[in-house]
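Student: Sharing a structure with you now.
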Amino acid sequence: MANVLQTSFLPSTSSLRRRSISGSKGKSQSLQVKAKIREIFMPALSSTMTEGKIVSWMKSEGDKLSKGESVVVVESDKADMDVESFHEGFLAAIMVEEGGVAPVGSAIALLAETEDEIAEAKAKSQSSSNSTPQVVEEKPKQIEEAAPDVPAAAAAPSVPVAKAVTLGSAVHPASEGGKRIVASPYAKKLAKELKVDLGTVVGSGPLGRIVAKDVEAAAVAVPVAASPAKPDPVAPGIELGTVVPFTTMQGAVSRNMVESLSVPTFRVGYTITTNALDALYKKIKSKGVTMTALLAKATALALVQHPVVNSCCRDGNSFTYNSSINIAVAVAIDGGLITPVLQDADKVDIYTLSRKWKELVDKARAKQLQPHEYNTGTFTLSNLGMFGVDRFDAILPPGTGAIMAVGASQPSVVASMDGRIGMKNQMQVNVTADHRVIYGADLAAFLQTLAKIVEDPKDLTF
Amino acid sequence: MHSTLSFSRATTVPTTNYAFHSQSPINLRFCGLRREAFGISILTRSSSGRVRLSTRGRSKRISASTGNNGTPPKSFDYDLIIIGAGVGGHGAALHAVEKGLKTAIIEGDVVGGTCVNRGCVPSKALLAVSGRMRELQSEHHMKALGLQVSAAGYDRQGVAGHANNLASEIRSNLTNSMKALGVDILTGFGTIVGPQKVKYGKVGFTDNVVTAKDIIIATGSVPFVPKGIEVDGKTVITSDHALKLEFVPDWIAIVGSGYIGLEFSDVYTALGSEVTFIEALDQLMPGFDPEISKLAQRVLINPRKIDYHTGVFATKITPARDGKPVIIELTDAKTKEHKDTLEVDAALIATGRAPFTNGLGLENINVVTQRGFVPVDERMRVIDANGNLVPHLYCIGDANGKMMLAHAASAQGISVVEQVTGRDHVLNHLSVPAACFTHPEISMVGLTEPQAREKAVKEGFEISVAKTSFKANTKALAENEGEGLAKLIYRPDNGEILGVHIFGLHAADLIHEASNAIALGTRIQDIKFAVHAHPTLSEVLDELFKSAKVKAPASTSSPISEPVAA
């Protein structure tokens, strides 16, 4: 009934080699071990087939296969076929995941003869194909081993799970004190796809249920969370001329950056005079207020008047006016990047906000940020002013509506309307926004409001 | 399929029961409209119509010159009384008039029954919307065609209105078609008071008693709700409520993954809901050919916002109240242990349909229902408690549970009318097609592969299976809808078609070539010479028949090979 093809397992080159030396059995131990790992190729199911799509793997890595057992369903240009195993052994490594497409004759998985060889086969699969997900998955483990001194909570994306479980699911009233995670069907599907552990996700749906957008937000946040885990900054031991595969974090950042290209963004810049803000900062600095907190506060107050700039569009069909204004502020840490979030920055007073900020930065340095402390931002601030950068533009993080790049405030010669020339401190800000939901006039109005607040900052301390 | 159906009859709860009912509407609609057209043509061209009728009725009885409804017999008020004006009753009534019988139909609710008012018809309206939404939302699909569409949206009220309007339009079509032919529509609940005697009347009014030579019970069915489930009509609903589309929940659990459940999952996911299936059996979509359900799951379930629990019963469902969501207790179907608790925004109960036979007065004629179903023989003759046939009493449609499909009821009704007008007729249920109107559609006729294999072993013949893919069909590819499979189960020795299963674009319309072949006994070696227009989807079946390897030669007197004109 099922179209069972017997052609899937072509002998790999190594096994051919083995056959050639089969006369001298056991002559070369290492060669023989190597030879027991066979490649599973994409079979040619019809004469016109050039590539096949993996519909589903019926076995998972590590599963034992007996001869004649169905391993994988392959979709060709004509039909779907079950492909069955020609050899006994263990499915060591899947090289093309479900939904993936591979040309006829290319390796799609490795088959190990004994259980001991699974690891070896895995290693082989990683070296032979740097696009496999295995590379990404394996990395965190290696990192953990390499850097035992890194606090566990931030060591790898998979580790904060344990801590966050209670946090994530306890929100749900019926989750029996965190024993159950309540997530919608699509959220579950997405979590599997994006490799997000639902235990780490804070639900924002009805009654605290985890919905798709929570998973998406968590997926965006994961790379950031992972960044502190990078054990050794590249600087000391960079070998020039080498090709270095992405770490998990770099891979995730890369994916997010590429994903950001699907959002049509545009930029609007504005020059803001900061004399009044600088004066205020000087005055209340002794009370522990930081410039970051002031900027976040000013931004939040401006966002109150322009809710559309605090909105986000996730599906391309609708957008969400976020109910709270959570300012994420990008912070560079150990060569990585993290965005601690100042929640409800519009409502919290500047002193509390400053304390909160200090706490977040300390936590970030100690790699102890909880997921909700870095993945709930609705608007992002990125400040490179401290490096003397006077202007730059930022890439919009997926899942948010806008990000503001803040340059250094520096004294400038300014001509005023009445024909005088004077000296003023000015900084340039540049907002990148999702034009599907935020239009030029929205940003212009927002920036005008922001400038007004910064230039007359009495509301910041209320 | 036949065995699936008898399974439905044997159990009151099966998902397939309800399911089987749901998929008939297009056929029904065609039927209703065609009949209506016939009726109108008689009215407008009165003389020719009369001539036509009398010719038809010649052998049986002289057609009345005053009207199209036949003359009453001397001792009875009517030749035929049908209790229930659903699709089955309607089909029987129209055929009875055509045969010259004086016919009355008793309806206690609205004409059209479940199918037209609460089933197939309004659900097709919703599915028409979901199909278009799905297409418009599929950026990938649109892009492949070179189309650009900005965000597709929908207005719930508008969608619900379309479903409601369609139901009333079809209902009035049905009513008019019967009125035009002169069928007496008697309002009230019908009860059998004795042999050939029925009383009817509205509650609070005096009953009228009428007599008829023959009586057909066609009272249909109602949604079956297992115990432990509290239906409030708002958050815990049956298909009756769901078709009104009063709200589109974010997350809806659908109990039962038969036809009804599948169709509603198609509607709800297209409108933006997420769906959780709860299925008592170990796999989704029981009742379909396993290969088809496997493929269907890959296309209709896995890529959509749907998850599922199989092998579990929803033993307790509490509607949303006091700020709490709908709570569903899941119990393992085998161990009977509590397995999980779900909290969702709404739950749709699609666990089957129960016959609506209470109050029919069956006790007056010594008939005992089996789990509510009226026992009948293969000619739809009602069997009494002692196993004897009740003379002049028939039961068709969901009420007998043989095959819970609107068009099957209609076919059974026609079969009964044939019998009472003197021609023996037994309906071949294996030739009755069934369809599920998901996107893409699923359709089938005859046996599934496991059923065919079982039969082959028992009766000692060989079977073969042929398959063709929509991926190889030009029209399907032009539509960019190459996903799909047609499967033929046949006897290689004599070319008999045992079953055909189709999953793909317009599968519901494509199945009729196969179902007609089975009904007429056409063999593969003959039908393979029939010509199909190119390029059309029907070539999927053409190729299917051609790819079958039949040992028997084509019959020499095949109607297809005979020239029509010299």
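All of the numbers you see were taken from the coordinates with simple rules; none came from a lab. Here the structure is a predicted model, which is why all the values come from computation and not from measurement. Don't worry about glycine lacking a Cβ; one is built from the backbone with ideal geometry, like all the others, and counts go over all protein chains shown.
Student: Tell me the relative contact order for the range B:430-547 as a rounded percent, counting alpha carbon contacts under 8 Å between residues six or more apart.
Tutor: Reported relative contact order: 30 percent.
Student: May I ask you to give the average projected area over all directions of the convex hull of the Cα atoms of the range B:209-281, in nm² rounded to one decimal?
Tutor: It is 7.9 nm².
Student: Provide the descending list of Cα extents for the range B:343-494 along its principal axes, expressed in whole angstroms.
Tutor: Principal-axis extents of the Cα atoms in the range B:343-494, largest first: 60, 54, 31 Å.
Student: Given contacts defined as C-alpha pairs under 8 Å and at least six residues apart, what's the relative contact order of chain B, whole-number percent? Before the final figure, lay out each step's value.
Tutor: Numbers: 1261 pairs, mean separation 88.9, N = 566.
Reported relative contact order: 16 percent.
Student: With each label point set 7 Å from Cα along the Cα-Cβ vector, what nm distance links A:SER324 and A:LYS285?
Tutor: About 3.1 nm separates the two model spin labels.
Student: Which percent of the Cα-Cα distances in the range A:248-461 go past 27 Å?
Tutor: 29
Student: Ok, one more. Among B:PHE76, B:SER538, B:LEU362, whose Cα lies farthest out toward the positive end of the dipole of chain B, if unit charges sit on the beta carbon of Lys, Arg (+1) and Asp, Glu (-1)?
Tutor: The one lying farthest along the dipole's positive direction is B:PHE76.
Student: Just add up the charged neighbours of B:VAL312: K/R +1, D/E -1, any other residue whose Cβ is under 14 Å from the Cβ of B:VAL312.
Tutor: That works out to -3.
Student: Taking a ≥ b ≥ c as the square roots of the eigenvalues of the Cα gyration tensor of the range B:276-327, is the shape rounded (a/c under 1.5), prolate (a/b larger than b/c) or oblate?
Tutor: It is oblate, given that a/c is not under 1.5 and a/b is not larger than b/c.
Student: Follow-up question, since we're still on this one. So what's the back-of-envelope 222 nm ellipticity for chain B, counting only DSSP H runs of four-plus at -39500 (n - 2.57) apiece and dividing by all residues, rounded to 500?
Tutor: Counting only the DSSP helices, I get -10500 deg cm²/dmol.
Student: Okay, next question. Whose amide H sits under 5 Å from the amide H of B:LEU101, counting only residues 5 or more places off or on another chain, with H placed in the peptide plane?
Tutor: Amide H neighbours of B:LEU101: B:GLY70.
Student: On to the next question. If R0 is 56 Å, what FRET efficiency do you get for A:GLN305 and B:LYS339 from their C-beta distance, rounded to 0.05?
Tutor: Working: r = 51 Å, r/R0 = 0.91.
The pair A:GLN305/B:LYS339 has a calculated efficiency of 0.65.
Student: Inside 10 Å of the C-beta atoms of B:300-307, what's the mean count of C-beta atoms belonging to other chains?
Tutor: The per-residue average across the peptide is 3.
Student: Further question on the same structure: Counting residues in the range B:236-351 as N, plug N into 2.2 N^0.38 Å and put the Cα Rg over that result.
Tutor: 1.01
Student: Mind listing the phi-derived Karplus ³J(HN,Hα) values for the range B:466-477, rounded to whole Hz, using 6.51, -1.76 and 1.60 with θ = phi - 60°, and x for any glycine or proline?
Tutor: Each residue of the range B:466-477 in turn: 10, 9, 9, 10, 5, 5, 9, 9, 4, 5, 4, 5 Hz.
Student: Something else about it: Roughly what percent of Cα-Cα pairs across chain B reach past 46 Å?
Tutor: That fraction is 15 percent.
Student: Okay, moving on. For the range A:381-421, what relative contact order do you get, as a whole percent, if you take Cα pairs closer than 8 Å and at least 6 residues apart? Could you put the intermediate results ahead of the total?
Tutor: Details: 48 pairs, mean separation 17.1, N = 41.
About 42 percent, as a whole number.
Student: Between B:ASN208 and B:ASP232, what is the FRET efficiency for a Förster distance of 41 Å, r being their Cβ-Cβ separation, to the nearest 0.05?
Tutor: About 0.65, to the nearest 0.05.
Student: Could you list A:LEU65, B:LEU510, A:LEU240 in order of exposure, starting from the residue whose Cβ has the fewest other Cβ atoms within 10 Å?
Tutor: Least crowded to most crowded, the residues run A:LEU240, A:LEU65, B:LEU510.
Student: Could I ask something else about it? Select from B:GLN196, B:ILE237, B:LEU262 the residue farthest towards the positive end of the dipole of the range B:176-266; place +1 on Cβ of Lys and Arg, -1 on Cβ of Asp and Glu, and compute about the Cα centre.
Tutor: Result: B:GLN196, furthest along the dipole toward the positive end.
Student: Please arrange A:MET95, A:MET49 by counting, for each residue, the other beta carbons lying within 10 Å of its beta carbon, fewest first. Mind dumping the intermediate values first?
Tutor: On the way: A:MET95 24, A:MET49 17.
Ordered by Cβ neighbours within 10 Å, fewest first: A:MET49, A:MET95.
Student: Using θ = phi - 60° and the Karplus form 6.51 cos²θ - 1.76 cosθ + 1.60, what ³J(HN,Hα) does each residue of the range B:266-272 get, whole Hz, x for Gly and Pro?
Tutor: Coupling constants for the range B:266-272: 5, 5, 5, 5, 5, 8, x Hz.
Student: Distance in nm between label sites at A:GLU239 and A:VAL101, each 7 Å beyond Cα in the beta-carbon direction?
Tutor: With each label placed 7 Å out from Cα toward Cβ, I get 3.6 nm.
Student: Under a plain spin-label model, where a point goes 7 Å from the Cα along Cα-to-Cβ, how far apart in nm are A:GLU88 and B:GLU378?
Tutor: 5.2
Student: If a/c stays under 1.5 just call it rounded; otherwise compare a/b with b/c (prolate if a/b is bigger, oblate if not). Do that for the range A:244-335, with a ≥ b ≥ c from the square roots of the Cα gyration tensor eigenvalues.
Tutor: oblate
Student: Give, as a single signed number, the net charge of other residues whose beta carbon lies under 15 Å from the beta carbon of B:VAL203, with Lys and Arg counted +1 and Asp and Glu -1.
Tutor: Counting the neighbours of B:VAL203, the net charge comes to -1.
Student: Karplus couplings for the range B:139-150 from phi (6.51 cos²θ - 1.76 cosθ + 1.60, θ = phi - 60°), rounded to Hz, Gly and Pro as x?
Tutor: Each residue of the range B:139-150 in turn: 4, 4, 5, 5, 4, 4, 8, x, 9, 10, 10, 7 Hz.
Student: Starting with the fewest neighbours, write out B:ILE81, A:ILE272 ranked by other beta-carbon atoms found within 10 Å of each beta-carbon.
Tutor: Final ranking by Cβ density, sparse to dense: A:ILE272, B:ILE81.
Student: I'd like the distance separating the alpha-carbon centroids of the range B:348-377 and the range B:471-544, in whole Å.
Tutor: The range B:348-377 and the range B:471-544 have Cα centres spaced 37 Å from each other.
Student: Across bins of 10 angstrom width beginning at 0, how are the C-alpha pair distances of the range A:382-462 distributed, in whole percent?
Tutor: 16, 37, 36, 10, 1
Student: Can you bin the range B:235-276 into rounded, prolate or oblate? Criterion: square roots of the alpha carbon gyration tensor eigenvalues sorted a ≥ b ≥ c, rounded for a/c under 1.5, prolate for a/b above b/c, oblate for the rest.
Tutor: Rounded, because the longest to shortest axis ratio a/c is under 1.5.
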